[in-house]
Every structure is written in C-alpha cells, then in structure tokens.
Amino acid sequence: MNERYADIIVDITHEKLDRTFQYQIPPELEGRVQAGTRVKIPFGGGNRIIDGYVIGLGSRPKYEPAKIKKIAAVAEDGITVETRLITLAAWIRETYGSTMIQALKTVVPVKDKKKAKSGRRILLNVDQLQAASWLEQFRRRKYKAKIRLLEALVERPELTDEYVSKELKIPGETLKSLAEQGIIRLEQFTVYRNPIGESDVLVQEKEAPGLTAEQKEVLDGILREWEAGGRPCLIQGITGSGKTLVYMELIEKVLLEGRQVIILIPEIALTWQTVQRFYRKFGSLVTVLNSKMSPAERYDQFERVKQGEVQIVIGPRSALFTPFPRLGLIVIDEEHENSYRSEGTPRYHARETAIARGKLEGAHVVLGSATPSVDAYYRCRQGSYALFQMKSRYGGAVLPKVYPVDMREELKKGNRTVLSGPLQEAIGLRLRAGEQVMLFLNRRGYAGFISCRACGHVVKCPHCDVSLTYHNNGRLICHYCGFEREQLTSCPECGSPYIGGFRAGTQQVEQVVRKFFPEARTLRMDADTTRGKDGYERILKAFSGGEADILIGTQMIVKGHDFPKVTLVGVIAADVSLFASDYRAAERTYQLLVQAVGRAGRGELPGEAVIQTYHPEHYSIQAALSQDYEAFYEEEIGSRELMGYPPVSNLLAVHASCDREDTLQNAMEYIRRYLIRIRRRNDLQLVGPAPESVAKVQDYYREVLYLKSGEEQELIRMRELLERYIEINRGFASVHIQFDFNA
Ligand code: ADP
Ligand code: ZN
Ligand code: ZN
C-alpha cells in the first residue's frame, strides 16, 4: 500500500498538543519518512516552520486531502536516539493503552522549567551542641519559625528548599536572618552529581576471574545467538551460579564495539553491594539511576549520557529509556520481578518494552533469573527466546535442604501460634550454634482469602480458579468475574469452625519469637521499619554485621544482600501468597519460596529452610521443596491454558473508578455492551465486571472487567475502539479508565 500520509506530533512537552496532526508526504520525500523521523513542517495560521516527529504512517487521509499540508523537509539529523524513543513511545501507547503524552513522558524525561526554584538546600552550619543552645534562646523568645526549622535540622542536617517552605512554612526572611547569623547555610546545587560518589571512582579491580565451564558454555551460546541474529536470551541460573559474571563478559564485548549498555535491576536489589560489583569492573563508565530522582534529575543524568560521559547505566525499570546513541545491550536481571511492570499509565512491562526497543535499535536483550517468569519461559519453549541454563552454585556451595511443615498437624497438636514445633526446634539449634536465622512472612496479596485451618480448604471461585476474598459487605467475592457467596461459619469440607481469613503481621511474628526466645536479638524489616532514606540498607547492614540473631521481614528480605551466617530460613505462611486472588498467585509463591530458601547457606556453612503451609501437597510448594522449576512450570502452564490466562492467552483488564457507585456501574454496563457489539472473534471472552480487590480507595469505587483472547491484535483493536468510545461519550466524564494488558 502506498503510504502517503504521516501522523506527526509537533511538541513533545505540551499537554495541550496531545494529538497527532496529519501531513502529506510529498513525492520527493517518499521513502525518507518513517516512524521516528524528525521532519520540518508548516504549522499554524502563519505556516511557521517547526519540528515534528513522525509516529506513524497511513495511506488514507483523515480529512479533505486538499487541506492537508505537506511536510517541508526531513530534518538533517533525521533519525536520532530521541526519534527512536518517540517511536518506542508510540509502540507503548499502542500496546498498553494511554494518551500519547503519557507515553512520551514515560520515555522522554522533560526538562523541568521551574527547576531553578527547587535547586537549593538548607544545611545546619553549627554543631549539635551549638544548635541546642540556639534552640534554647529561640524558645525563650518564642521565635516559632526559627524553632521549627532548627528542630528539623537537628533531626536531619540537610533539608530541601521545597520541604522548608512548603512543609515547615518558614518565611524567606527567617532563612536569610539565620544564614546571616551563621546558624544555617543555603546551598545552591547546580549539575547533578555522580550518584555513586566521587571517592568510589578510585576503586577499580582489573583482574577478572576465569569463568567456570558452565558459565563459559552459556557465554558462548549467547554470543552464537547474537551472531545468528539474536533472539532475546534468557539465562535461567540458580542463585550464586554466576549470572552477573556472564553479564559482565557480555557487557565488555558490547563496550568494545563502541556500543552502550543498560542494566535493569529491581530497585530493592539495587544495593550498594550490587552496584559496587559493576563499578569495580567498569569504573566511571557506570552510572546509577534510581526512582527517587525527579524527572529533572533524570534529565540531567540523560544529558551526561548523551554527552558520552557514561557507557553503562544501572537502574530500575525507568532506566530502560536511557537515551544512549548506540545502544548495544539491555540486561534485565531478576526478570521475573513484579516491579518491572509500571504502576502508572501506561502500564508497560519493562521486559516486553526492552525487546521492542532492542528491535528498534538493533540492541541485544539478555534476561536472567533463578525463577523465570512463566511468560519468559513460555516464550523459550515456543522458540521466540533462547534459553540458557546454569545449574550449579559457584564454588560448590550446595542449595539448602528444605522441609515442609504441615500446619494442619500443628493445630491437631494444639499449637495455634505462628511458629510450628519443628521451626521452633530449628531456630533453637541455630541460636545455640551462634548462627543467624531469617523468618519470612509474605504479605503480598494479603487481601483476606478464606481458608480452613483444620483441613486447609480454600474457598475459590467456581469459574475463575482464584480464591474468593472477604468483602466489607460481609460476602465473599471473586475479583475476576464478580461471583459472590455468603461468608462461611464452618468448613464445607470438614465442618471445622476454624475457617476465616489468615491474619499475621511481622509484628505479631516478632512478638511470638520473643516469647519463645527471649534471649535472641531480633530485627524487623517491613514497610514500617524501612521508612526514611536508608532504612532498608541500614537494617540489612545491621543484620550482616551480626547485630541481631533473627531477621523477621516481608518479601524485602529475600533480595540483594548475601548473609554468610544465615543457616536457617523459615517461611511462616507460604499460603498467604498461594491463595491471593490473582491468577499469578502460584507463580509468585514458587518464586518467593525459591528465593527465600536461597538465602540460607550462602557462605561456608550449609543451610536449611522450613516452609510452613496448610497445603504441603500443592504443586508450587512441592516444586519449591525440590527446587524443580520444570515441574512447577508444567503444572502451571496447564492451568493457564485451561483457564485462558496469559501467556497462553491474552488478558486485557479495563479498570474503572468513580466517586459515585451508580455512575460507575452504569459506565461498566455500557462498556460491556459496547464490547459485545464490536467483538468479532468467537474466542473472545468477557469476564466481569467485578469489584477490584481493593474496592474503594479514598472514596473512589473501583471495578474491573476482563477480556480474554488468543489474539493479541484483536484485544488491541478493541481497546482502541473503546478508548474512542469513552472519549466521545460524555457519560464517562467522571469515570477514570485505565487499561492493563497481560498484567
Ligand atoms: P548470580 O548472579 O547468578 O546469583 P553471582 O554472579 O552473584 O551469581 O555469583 C555468586 C558468587 O560467586 C559471587 O560472589 C561471584 O563473585 C562468585 N563467582 C561466580 N562465578 C565465579 C568465577 N568464575 N570465579 C570466581 N568467582 C565467581
Ligand atoms: Zn476444613
Ligand atoms: Zn470468578
């Protein structure tokens, strides 16, 4: 087909221009204009010539052809990294659903024009003793603003301008007078600092360890794959097998070709220890991004990148959009991690998006995990990714022995605490030996499924194979299809009255541990104790420094650090994640269990793990006991196939929220009917609408509706039609809609 028209975005920094404009491609430019090309176009009444970015081509005019203006020229640097990223944004918009501006903002950080305003910090300029005496004086004179500021500075000797003016409400004169007295110092900061810190630049370790035979085999295999054209490669290697070492060899290869590298690591694993390893090998070629950076700071980092100051960027999800001019490789470590899916709109997944970017730029993509996502493994089985396996731990360290404890038996013995007899015994042994213990409580998907503590029975949806969750209207509900039933007072299987929601927090676990082991020193790591800037690292450091015997925590504790003295890992309740109302619950559970178990025995001492569960026979638990990924995968993919869940099928979620319940329900009904009207494939299934697992947030009611189809393109088509339908129907004005594709 002859593509004579181009969809063009004129300004990527203005909300108002969140639409494309159609232009004609004049015959002399034919073949030179493609998605991603920067062009010169006449714009507005005066036909001023401005820059535009082509994001799509078409053969049909959208309005009267005579009125469609012509592209004036292709910009000199027609295709650059920016234009390729803009094309990527268009791909993201099409795949995940969002406005073009939302997609662009995800991909291209925008320079914050008001940045100068926040570019100042306030520092304490006197020592704590002097500060105390100043405070004394101010209190006597009742200088309220001065007292507020000084008290804050005593707590934290460095505050941002924004915090001081907005939160503490300190007037400018107060700052000025305190600065003149020399009590505080105002500091303007200019360029973004190298986040690794200057002093670290000096440590560089040159001699590289030789690869083991297994590692070498994987490395060679990947290099062969690259030569052959290069599918995405997945390294499935148990923890400690040396995946990072293989990444480094690959990175070196790519750098030698004059190309750059992006390494994605989940934020929680992005510890100083991890970064140092790369830093020791590649020195100041490396920089780190993190999600705490403002868009402006990210922009500054990206400027350094464009100037060629750095060649390797390590960071979480958003580092994927680093504008390297000659990107050669994207590594995604811990590929299975949940945090690779964006929580905001567009809800893109870093793995798929990395592969899309790799295609655009001719860059390789390498994924790594000890417990690959079912999605990635499925692609390997299908042949669209290449699979490489590493099965031994470096240095001959052995994987821990894993023991299940059947909590139903504990109840029979009269033990109703969260610590089973066998786990208590194991903890006692480790403490006496002077070794360390980690207790792991997975609170993900805590949203109250109902189960029987006597026989383990879990109340599930008869249609969706996910557990029903307790709702505040007193009923049990399926969050996929909306199926409802009354709450139970006794178990339908065994008649036991011990049926209800599973409740236990890290705090309760800590209390029980203290009761059984009053002499043990405990540390707790959860959302409460890790607040503040370095809360997370601080606790990990304290524990690895031997300041405690037992670390109790949520899934946070399974990442990042190595603790050579940990010889026992206890999983308090494996079932909490197993019966989350989510089709990926079994997958998450398997991954978490294997990762948790992998924490034990990382040093010289062999480790063991105890898994407490009401379902020792469940395939996720069984596979985790034997660390048998294939066994887990076979079961899981079978059930996905049966129920039509990804990756076998495709799942589009339409999330809607509104402050009025009736409006929301009406809107969902219209959406449902519209979707039925436009569907054209028989295999398309509509499920729901149903209340979300969190059915109301800040007075907003939330519902979700699912579409399942074997055809990805069909779901994309339907979503696009639905987006337009919602946009032009006023009835949806107060309803917020968000899409989720294969999440
Ligand atoms: P993974 O990333 O698969 O968990 P790592 O790359 O972190 O594994 O390796 C685990 C540990 O073993 C690291 O301390 C690493 O330095 C060491 N190691 C792995 N392979 C080798 C090797 N070939 N020579 C020396 N040390 C190695
Ligand atoms: Zn029962
Ligand atoms: Zn259901």
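No lab work stands behind these numbers, since they all come straight from the coordinates. These numbers come from a predicted model, not from an experiment. Don't worry about glycine lacking a Cβ; one is built from the backbone with ideal geometry, like all the others, and counts go over all protein chains shown.
Observations on the model:
- Put a plus charge on the Cβ of each Lys and Arg, a minus charge on the Cβ of each Asp and Glu, and nothing anywhere else: the dipole of region 639-743 about its Cα centre is then about 340 debye.
- Residues in region 154-190 that a label on LYS142 would reach, taking backbone N under 17 Å of a point 7 Å out along Cα→Cβ: none
- For GLN276 and LEU223, the FRET efficiency from 1/(1 + (r/R0)^6), where r spans their Cβ atoms and R0 equals 22 Å, is about 0.25.
- Our summary gives the chain a relative contact order of 11 percent, counting only alpha carbon pairs under 8 angstrom and 6 or more residues apart.
- Cβ-placed point charges (K, R +1; D, E -1), dipole of the chain about Cα centre in debye, nearest 20: 1980
- Put the Cα centre of region 305-345 next to the Cα centre of region 466-496 and the gap is 42 Å.
- Bridging of LYS142 to aspartates and glutamates at a Cα separation below 15 Å is possible for GLU151, once same-chain residues fewer than 8 apart are set aside.
- Here the contact order of region 335-476, divided by its residue count and restricted to Cα pairs under 8 Å and six or more residues apart, works out to 12 percent.
- When the Cα positions of TRP272, ILE262, LEU285 are compared along the charge dipole of region 247-294, TRP272 comes out farthest toward the positive end, with charges on each C-beta of Lys, Arg, Asp and Glu.
- Set of aspartates and glutamates with alpha-carbon distance to LYS391 below 15 Å, sequence-local pairs under 8 removed: GLU214, GLU217, ASP628, GLU630
- Our note on the geometry: Cα centres of region 145-168 and region 381-432, 47 Å apart.
- A cut-off of 5 Å between modelled amide H atoms, ignoring neighbours fewer than 5 places along the same chain, links VAL74 with LYS40.
- For region 234-329, trypsin sites (Lys or Arg not before Pro) are listed when DSSP marks them as loop and at most 13 other Cβ atoms sit within 10 Å of their Cβ; the list is LYS292.
- Potential extension, GLU155-ASN666 segment - 0.36 nm per residue separation minus Cα distance: 178.8 nm
- Using the Cβ-Cβ distance between GLU64 and GLU30 with R0 set to 25 Å, the FRET efficiency works out to roughly 0.70.
- Taking 0.36 nm per residue of separation and subtracting the current Cα-Cα distance, fully stretching the chain between LYS40 and GLU630 would add 207.0 nm.
- Sites matching trypsin sites (Lys or Arg not before Pro) across region 669-741 that sit in DSSP coil, with at most 16 neighbouring C-beta atoms within 10 Å: ARG680, ARG681
- Within the chain, antiparallel bridges make up roughly 55 percent of the DSSP beta bridges whose residues both belong there.
- Directionally averaged projected area (convex hull, Cα atoms, the chain), nm²: 38.4
- Mean-position separation - Cα centroids, region 574-643 and region 65-97, in angstrom: 45
- Percent RCO, i.e. relative contact order, over region 396-494, from Cα pairs under 8 Å lying at least 6 residues apart: 17
- With contributions of -39500 (n - 2.57) from each DSSP H run of at least four residues, the per-residue ellipticity at 222 nm computed over the chain stands at -10500 deg cm²/dmol.
- Eligible aspartates and glutamates near LYS708 by straight Cα distance, threshold 14 Å, same-chain separation 8 or greater: GLU641, ASP683, ASP740
- Among the trypsin sites (Lys or Arg not before Pro) in region 133-191, those located in a DSSP loop and surrounded by at most 13 other Cβ atoms within 10 Å of their own Cβ are LYS142, LYS169.
- A Förster radius of 56 Å, combined with the Cβ-Cβ distance separating ALA542 from LEU57, puts the computed FRET efficiency at roughly 0.45.
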